[in-house]
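Below is one structure; the comments refer to it alone.
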Amino acid sequence: YGDWILAALERWKEHCKTYKPFGLNPVLFVMAERSVYADEIGKWLVRQGSMTGLKNHDVLIIHTDTKGVITKRDLEDARQTARDIDLPTNKVKVVVSVMMLREGWDVRNVSVVLGLRPFTSKARILPEQAVGRGLRLMRGISPDRTQTLEVMGTSAFEDFVRQLEIEG
């Protein structure tokens, strides 16, 4: 996933420059296939801090599989942090998750979505929800300005997005 992660980071950095004059903090949302992958992606982003510019408090790893080291109390704290993404005091820049979409996560500052799941189910609800994470308009930007959502990831995910573009 390295090339996709690096490409998504570069696009997210461009969004940071674009939205900085508005006082907004765009968020990169990475949707992993498994909890262990989400954990590793999040750790890698922090370990590569000199390249990514990210520190430990910048990356939120959250998923519903609590069999790992996340306690119920810590999981609730992570969920609250995820819900507060749009607040000006938010320090989180990247959210790495497996099933955040089942959590009722309704935020506006997601501007880059990286889908690293197979997205092969015929129901197609998961890729729709992944794209939907970034379709909410950020507050504080006038309607005469264009807000951009960038979506990238696996072939199946990108095929789904191309189909959405065709459908309008």
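The values are calculated or read from the model by the stated rules, or taken from the named source; none is laboratory data. Since this is a predicted model, take the numbers as computed values, not measurements. A quick note on method: Cβ atoms are made from the backbone with ideal geometry, for glycine too, and the neighbour counts reach across all protein chains shown. Just the protein is used for accessible areas: all its heavy atoms, side chains included, with ligands, DNA and RNA removed. Shrake-Rupley method; radii C 1.70, N 1.55, O 1.52, S 1.80 Å.
Looking at the range 18-67 only, could you name the residues that are part of a helix (DSSP H, G or I), without any contact (Cβ under 8 Å) to a residue 60 or more places away in the chain and either aromatic (Phe, Trp, Tyr) or open to solvent by less than 60 Å² (accessible area, probe 1.4 Å) (or both)?
Scanning the range 18-67 gives 39, 42, 44, 45, 46, 49, 52, 58.
Go through the range 134-160 and give me each residue that's assigned to a helix (DSSP H, G or I) and buried (at least 18 other Cβ atoms within 10 Å of the Cβ).
Those that are assigned to a helix (DSSP H, G or I) and buried (at least 18 other Cβ atoms within 10 Å of the Cβ): 157, 160.
Of the conditions (1) modelled with pLDDT under 75; (2) farther than 24 Å from residue 4 by Cβ; (3) of a type outside the set (A, V, I, L, M), residue 134 satisfies every one except a single condition; which number is it?
Residue 134 satisfies every listed condition except (2).
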